[in-house]
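> If you scroll down you'll find the structure; I have some questions about it.
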Amino acid sequence: MISDNIQEAFNKQINAEIYSSYLYLSMSAYFLSVNLNGFANWMRCQAQEELVHAMKFYNFINDRGGNVILSVIEGPPTKWNSPIQAFQDAYTHEQKVTGLINTLVDLTTEQKDHASATFLQWFVNEQVEEEASADGVVQQLKLAGDQGSGLFMIDRELASRTFVMPIVL
Ligand code: FEO
């Protein structure tokens, strides 16, 4: 059984993960609007991954005999001034999510809820990758420039990202 306050915190994290999906889908739409289809593809894959993150919390709450309570998802920003600004925002957002996950780890550890703390370890590791991949694109944009041929080279590379839906959601 999951405690009421861990259940509430995990339900909030479902909201945060779905908001992340909304944010990246909005960034994907921005990239489509400026004809950077490779960047748009990367963001669309990221949006799909975030829904998988949300579903992991959803399933875990259910598996522990708790109740999933969904809440209103805030609207994300809809405009960015440049590709690098969008990716810097994505990187900053991932740092914020890392903070949320770390707070959840602290809560579950304080409450000696070992099953929840173990479940969260997947997210602790995932956040290392999440930050690195967003920051990686920021660094590429800084090196190659966020316009002209450098930008189109990065766009081609980001077009190759694929999303594979896990078998169990
Ligand atoms: Fe679900 Fe990008 O963290």
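> Restricting to segment 139-169, count the residues that are open to solvent by 30 Å² or more (accessible area, probe 1.4 Å) and either among the basic types (K, R) or at positive phi (or both).
Residues in segment 139-169 being open to solvent by 30 Å² or more (accessible area, probe 1.4 Å) and either among the basic types (K, R) or at positive phi (or both): 4 in total.
> Looking only at segment 98-109, decide whether some residue is under 24 Å from F39 (Cα atoms) and either surrounded by 12 or more Cβ atoms within 10 Å (Cβ to Cβ) or modelled with pLDDT of 95 or more (or both).
Yes, the conditions are met somewhere in segment 98-109.
> Mind listing whichever residues of segment 24-43 are part of a helix (DSSP H, G or I), in contact (Cβ under 8 Å) with a residue 60 or more places away in the chain and either open to solvent by less than 10 Å² (accessible area, probe 1.4 Å) or away from the ligand (no atom under 14 Å from the Cβ) (or both)?
The answer is Y24, M27, N37, G38, F39, N41.
> Follow-up question, since we're still on this one. Among the numbered conditions (1) in contact (Cβ under 8 Å) with a residue 40 or more places away in the chain; (2) within 15 Å of the ligand (Cβ to nearest atom); (3) open to solvent by less than 60 Å² (accessible area, probe 1.4 Å); (4) not hydrophobic (A, V, I, L, M, F, W, C), tell me where R64 comes up short.
The single condition R64 does not satisfy is (2).
> Filter segment 110-138 down to residues that are surrounded by fewer than 16 Cβ atoms within 10 Å (Cβ to Cβ), touching a residue at least 24 places away in the same chain (Cβ under 8 Å) and over 26 Å from A47 (Cβ atoms) and give me whichever is nearest to the ligand (Cβ to nearest atom).
Among them, the one singled out is A115.
> Inspect segment 53-68 for any residue being among the acidic types (D, E) and not in a loop (DSSP other than H, G, I, E, B) and give the result as yes or no.
yes
> Sticking with this one: Give segment 78-95 a look and list any residue that's open to solvent by less than 60 Å² (accessible area, probe 1.4 Å) and part of a loop (DSSP other than H, G, I, E, B), or say none.
W80, S82
> Please name all residue pairs, on different chains or six or more residues apart, with Cβ atoms under 8 Å, provided the first residue is in segment 81-109 and is free of Cβ contacts under 8 Å to residues at least 60 places away in the same chain and the second residue is small (G, A, S) and within 10 Å of the ligand (Cβ to nearest atom).
Once the first residue is free of Cβ contacts under 8 Å to residues at least 60 places away in the same chain and sits in segment 81-109, its partners that are small (G, A, S) and within 10 Å of the ligand (Cβ to nearest atom) give F87/A134; Y91/A134; E94/A134.
> Now for a separate question. When A9 is evaluated against the numbered criteria (1) under 20 Å from V124 (Cβ atoms); (2) within 13 Å of the ligand (Cβ to nearest atom), which criterion, by number, is the only one it fails?
All conditions pass for A9, except number (2).
The values are calculated or read from the model by the stated rules, or taken from the named source; none is laboratory data. Nothing here was measured: the structure is a model prediction, and the numbers come from that model. When we count neighbours, we look across all protein chains shown, and the Cβ atoms used for this are built from the backbone with ideal geometry, even at glycine. The protein model used for the area step is the full one, side chains on, heavy atoms only, and it has no ligands, DNA or RNA in it. Shrake-Rupley method; radii C 1.70, N 1.55, O 1.52, S 1.80 Å.
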